[in-house]
Amino acid sequence: MRARRALCRAMPAVVLLVGLTAGCAGNHGAAAKPSSSAAPSAEPSGLADAQKAVSAAESALARADQDAAQDDSDR
């Protein structure tokens, strides 16, 4: 029970860390100059990955909340 509460309290920090890591992972060194023939992409390359990671973390948090609520109702 205490472990689940600790997990629920730590989850926002984990979500933030995953989002920042995924969002900044591709930024090593100087920015590359785009070629004139390359069409600009609709989204930055890491944005879709970061959004997927945040969505997965939010789903995990929701499942943990449901599990904790179910454990509390068993008492």
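The values are calculated or read from the model by the stated rules, or taken from the named source; none is laboratory data. Since the structure is predicted, the reported quantities are computational estimates derived from the model, not experimental observations. Counting neighbours? That spans all protein chains shown, and the Cβs are built from the backbone with ideal geometry, glycine included. Ligands, DNA and RNA are excluded from the accessible area calculation, which covers all protein heavy atoms including side chains. Shrake-Rupley method; radii C 1.70, N 1.55, O 1.52, S 1.80 Å.
Key figures
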item: Inter-probe distance in nm under a simple model that places probes 7 Å from Cα toward Cβ, at Gln66 and Ala6; result: 2.5
item: Heavy-atom accessible area ranking, 1.4 Å probe, most first, across Leu16, Leu61, Leu47; result: Leu16, Leu47, Leu61
